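Undergrad: Sharing a structure, written as structure tokens. Questions coming.
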């Protein structure tokens, strides 16, 4: 005789015990079913991208209050739209900010707000991750639906058609249900160096493991899932700081593996689109923050990115940089119109520019001591079980190269001599910098006079709007990378909002669980 079963989901209490609650209803012939919760725990830890962590001030008039809150688009726009460079430099100071833990907690899981806040969900932006975290928590803790849940469906459905991708095996899905896989999040101060954020990640991982160990659970390994710059933090933690043995595997989403020329474009010409009004619409608003933030500077293209990505064009003439060293040839070039950082914009709190030399030296110190060493330490290093996806979409054109193109300014032509050599204009000072991608020069040759412009060209490489394909797919060439999958229709900020990428993460996590073999988490026969 068939039994009508009512599944009662487990809720984890503060002491780690599983509680099952059923609302009293009219009598019927159903049977309440409570599935036992495994006592072996593998925390799944999400590490967000740049600007994806809520931050608060540690001193000043904003002390203990959020200065960067990503609860919603409105919370960001309301705080930052139309804010000038002076306010941005003050409030978004890496030395005066820490992680804010009291952001909005997404709904839709069986867990209490208290439990999810303990797991760090309040540290990351609900705007970007409010759909993904509940989806992942529910899909990884769905014992009542083990035969029909998303993991079971991935035994029949491919998450992508790409090398290294196959349907999940029954044994992989079966083993994953023998562990608790609670989803955590570790926000970090994205203004500071990613090397410092890796140490913060290490502290939080130990905190999470200690929590479960004190509850007499077996917990000594984690799985990391990353978004964007969070991938750099996770790789530094695992591969540079030597914590690989604590990690069963890593899933990377839209990681700027070798950097991105978009970082150059945005500090030089502002962030594009409506979102730029909040993030920084021009060079002045972007530079005020960018030039003091090692984490942001570490997104600039590294040597691994390749040479010649900065191009200055005039018809058939072309100057390409760098030839060998992006730090000396591009980032540390002071007073060049094509260099990313204008020294006059570094400190808007000093309008008289009395401290301009000291400000430049501070910026140069970050390049020399925080950016270049970070890039070199990370070169070619990936966890031995790595899965990654990236955007490859012509609708999300991205700056793989940054191209400045020379034109004659409208109305600026007095006569038509031969134009001055392109090389001669590389060292010339513009009479106007729009801050949004146009540099204007007054060019005089004898009695001839032209008003000329160099205009930053639109993005042209496939990508996700922020990370170009060349950087997103860079892991595919590296040892330990099991799959590196291109997806169309991937928007960088919303990379985990859509079903295909959510399922990719779930698929990879389930496969990574197989690495428990040979560890203390393994069930002995």
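The values are calculated or read from the model by the stated rules, or taken from the named source; none is laboratory data. Keep in mind the model is a prediction, meaning the values are calculated, not measured. Virtual Cβ from ideal backbone geometry, glycine too; neighbours counted across all protein chains shown.
Undergrad: Could you look through the stretch 111-125, keep only residues that are in contact with a helix residue (DSSP H, G or I) (Cβ under 8 Å, 6 or more places away or on another chain) and either modelled with pLDDT under 95 or part of a loop (DSSP other than H, G, I, E, B) (or both), and pick out the one that is farthest from residue 45 (Cα to Cα)?
TA: Among residues in the stretch 111-125 that are in contact with a helix residue (DSSP H, G or I) (Cβ under 8 Å, 6 or more places away or on another chain) and either modelled with pLDDT under 95 or part of a loop (DSSP other than H, G, I, E, B) (or both), the one farthest from residue 45 (Cα to Cα) is 111.
Undergrad: Could we say that residue 169 is without any contact (Cβ under 8 Å) to a residue 24 or more places away in the chain, over 27 Å from residue 112 (Cα atoms) and either out of contact with any strand residue (DSSP E or B) (no Cβ under 9 Å at 6 or more places or on another chain) or buried (at least 24 other Cβ atoms within 10 Å of the Cβ) (or both) here?
TA: yes
Undergrad: Moving on. What are the residues in the stretch 146-161 that are within 27 Å of residue 117 (Cα to Cα) and either within 23 Å of the chain's Cα centre (by Cα) or touching a residue at least 40 places away in the same chain (Cβ under 8 Å) (or both), if any?
TA: If the condition is that a residue be within 27 Å of residue 117 (Cα to Cα) and either within 23 Å of the chain's Cα centre (by Cα) or touching a residue at least 40 places away in the same chain (Cβ under 8 Å) (or both), then 150, 151 are the ones that fit.
Undergrad: Here's another thing I want to ask about it. Assuming residue 128 fulfils every condition listed in (1) in contact with a helix residue (DSSP H, G or I) (Cβ under 8 Å, 6 or more places away or on another chain); (2) closer than 24 Å to residue 498 by Cβ; (3) touching a residue at least 24 places away in the same chain (Cβ under 8 Å) apart from one, which condition is it?
TA: (1)
Undergrad: Please count how many residues of the stretch 229-254 are in contact (Cβ under 8 Å) with a residue 60 or more places away in the chain and outside any helix (DSSP H, G or I).
TA: 9
Undergrad: Cβ-Cβ under 6 Å, sequence separation 6+ or interchain: first residue in the stretch 200-215 and at negative phi and touching a residue at least 40 places away in the same chain (Cβ under 8 Å), partner surrounded by 14 or more Cβ atoms within 10 Å (Cβ to Cβ) and in a helix (DSSP H, G or I). Which pairs?
TA: Pairs that qualify, where the first residue is at negative phi and touching a residue at least 40 places away in the same chain (Cβ under 8 Å) and the partner is surrounded by 14 or more Cβ atoms within 10 Å (Cβ to Cβ) and in a helix (DSSP H, G or I), are 201/233; 201/237; 202/237.
Undergrad: Hey, among 226, 148, 161, which residue is at pLDDT below 95 and either crowded, with 20+ Cβ neighbours inside 10 Å or in a loop (DSSP other than H, G, I, E, B) (or both)? Let's see the steps before the verdict.
TA: On the way: 226 fails: at pLDDT below 95; 161 fails: at pLDDT below 95.
One residue alone meets the criteria, 148.
Undergrad: Ok, one more. Out of all the residues in the stretch 267-281, which are part of a loop (DSSP other than H, G, I, E, B) and surrounded by fewer than 20 Cβ atoms within 10 Å (Cβ to Cβ)?
TA: The answer is 272, 273, 274, 275.
Undergrad: Can I ask one more? Do we find that residue 363 is assigned to a helix (DSSP H, G or I), closer than 29 Å to residue 243 by Cα, modelled with pLDDT of 95 or more and out of contact with any strand residue (DSSP E or B) (no Cβ under 7 Å at 6 or more places or on another chain) in this structure?
TA: no
Undergrad: Scan the stretch 245-252 and give yes if some residue there is at pLDDT 95 or above and out of contact with any helix residue (DSSP H, G or I) (no Cβ under 7 Å at 6 or more places or on another chain), otherwise no. Working first, answer last.
TA: Just the residues of the stretch 245-252 that are at pLDDT 95 or above, to begin with: 245-252.
From what is left, the residues that are out of contact with any helix residue (DSSP H, G or I) (no Cβ under 7 Å at 6 or more places or on another chain) are 245.
The answer is yes, given that some residue of the stretch 245-252 is at pLDDT 95 or above and out of contact with any helix residue (DSSP H, G or I) (no Cβ under 7 Å at 6 or more places or on another chain).
Yes or no, residue by residue, for (1) assigned to a loop (DSSP other than H, G, I, E, B); (2) touching a helix residue (DSSP H, G or I) at 6+ places or on another chain (Cβ under 7 Å); (3) in contact (Cβ under 8 Å) with a residue 12 or more places away in the chain; (4) more than 30 Å from residue 142 (Cβ to Cβ):
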| position | (1), (2), (3), (4) |
| --- | --- |
| 75 | no, no, yes, yes |
| 83 | yes, no, yes, yes |
| 89 | no, yes, yes, yes |
| 101 | yes, yes, yes, no |
| 106 | yes, yes, yes, no |
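Undergrad: For the stretch 402-434, which positions are assigned to a strand (DSSP E or B) and either surrounded by fewer than 17 Cβ atoms within 10 Å (Cβ to Cβ) or at pLDDT 95 or above (or both)? Talk me through it step by step, then tell me what you get.
TA: Narrowing the stretch 402-434 to residues assigned to a strand (DSSP E or B): 402-413, 432-433.
Listed by number, the residues that qualify are 402, 403, 404, 405, 407, 408, 410, 411, 412, 413, 432, 433.
Undergrad: Answer with yes or no whether residue 380 is within 21 Å of residue 321 (Cα to Cα), touching a residue at least 40 places away in the same chain (Cβ under 8 Å) and loosely packed, with under 15 Cβ neighbours inside 10 Å.
TA: The answer is no for residue 380.
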